[in-house]
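**Q** After the structure tokens below, expect a handful of questions from me.
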Amino acid sequence: MYFLKALNSKLSRFAMYVACTCLIGLLSVVIYGVIMRYVFNNAPPYVEQVALLLVISVAMFGAAAGVRDAGHIGLDSIVRVLPHKAQFWCSAVVHLLSIVFALSLLAGGYQMGLSTYASTIPTLGLSEAYRYLPVVSAGVLITLFSTEHIVALFKSEKVIPSWH
């Protein structure tokens, strides 16, 4: 369990740094595009595609870090009034469903990456498969993070957030 905690703590921090960096990049690219379009009347054709890649990266890596640090949205008002054992099993089911979702992201992103590998992103010249790298990465990360939560739950331990 110690290895998984240490690995996930570092991966979660890395995912959050990637998400924050991509968010800064997104802001920069959009501001650059707006200035070039409206001030210089010379809109760069690649701004939209770069912004789209960055939005996908922010969403996927941010979501993964949110799962590790339990920052995702929860509707637990009913669960809180249940007995402790029922709360335990509700939490276990939530983490198992998160793993199912993550594996769906992983499989779907991988399949889409393979099917679009031969196509290129307009104006960038990169393979369309690059759009799915953050999705596949998030699938792996969310699976690892949810597995850590399940193991900690059954050992009556807490997952300490890596982003304080």
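The values are calculated or read from the model by the stated rules, or taken from the named source; none is laboratory data. This one's a predicted model, so the numbers in the text were calculated from it and none came from an experiment. Cβ coordinates were reconstructed from backbone atoms using ideal geometry, including for glycine residues, and neighbour counts include every protein chain displayed.
**Q** List the residue pairs whose Cβ atoms are under 7 Å apart, where the first residue sits in the range 115-127 and is without any contact (Cβ under 8 Å) to a residue 24 or more places away in the chain and more than 10 Å from Tyr46 (Cα to Cα), the second is among the charged types (D, E, K, R) and in a helix (DSSP H, G or I), and the two are 6 or more positions apart or on different chains.
**A** Listed pairs, sorted by first residue: Thr116/Glu128; Ser119/Glu128; Thr120/Glu128.
**Q** Additional query: Counting only residues that are more than 18 Å from Val135 (Cβ to Cβ) and β-branched (Val, Ile, Thr), which one in the range 84-102 is surrounded by the most Cβ atoms within 10 Å (Cβ to Cβ)?
**A** The selected residue is Val94.
**Q** Looking at Leu141, Leu105, which one is in contact with a Leu (Cβ under 7 Å, 6 or more places away or on another chain), crowded, with 18+ Cβ neighbours inside 10 Å and on the phi < 0 side of the Ramachandran plot?
**A** Details: Leu105 fails: in contact with a Leu (Cβ under 7 Å, 6 or more places away or on another chain).
The conditions single out Leu141.
**Q** Another question, then. The conditions are (1) outside any helix (DSSP H, G or I); (2) over 22 Å from the mean Cα position of the chain (by Cα), and Ala70 fails exactly one of them. Which is it?
**A** Checking Ala70 against (1) outside any helix (DSSP H, G or I); (2) over 22 Å from the mean Cα position of the chain (by Cα), the one that fails is (2).
**Q** Oh, and also: Which of (1) of a type in the set (Gly, Ala, Ser); (2) farther than 30 Å from Ile150 by Cβ; (3) at pLDDT 95 or above does Ala43 not meet, given it meets every other one?
**A** Checking Ala43 against (1) of a type in the set (Gly, Ala, Ser); (2) farther than 30 Å from Ile150 by Cβ; (3) at pLDDT 95 or above, the one that fails is (3).
**Q** Tell me which residues, restricted to the range 9-41, are part of a helix (DSSP H, G or I), without any contact (Cβ under 8 Å) to a residue 12 or more places away in the chain, more than 29 Å from Ala152 (Cβ to Cβ) and not aliphatic (A, V, I, L, M). Explain how you work it out, then say what you get.
**A** Residues of the range 9-41 that are part of a helix (DSSP H, G or I), as a first pass: 9-38.
Filter again for without any contact (Cβ under 8 Å) to a residue 12 or more places away in the chain, leaving 14, 17, 20-21, 24, 27-28, 31, 34-38.
Now narrow it down to the ones that are more than 29 Å from Ala152 (Cβ to Cβ): 24, 27-28, 31, 34-38.
Within the range 9-41, Ser28, Arg37, Tyr38 meet the criteria.
**Q** Further question: For the range 105-129, which residues satisfy the criterion of being part of a helix (DSSP H, G or I), in contact with a helix residue (DSSP H, G or I) (Cβ under 7 Å, 6 or more places away or on another chain) and not aliphatic (A, V, I, L, M)?
**A** Those that are part of a helix (DSSP H, G or I), in contact with a helix residue (DSSP H, G or I) (Cβ under 7 Å, 6 or more places away or on another chain) and not aliphatic (A, V, I, L, M): Gly109, Tyr110, Gly113, Thr116, Glu128.
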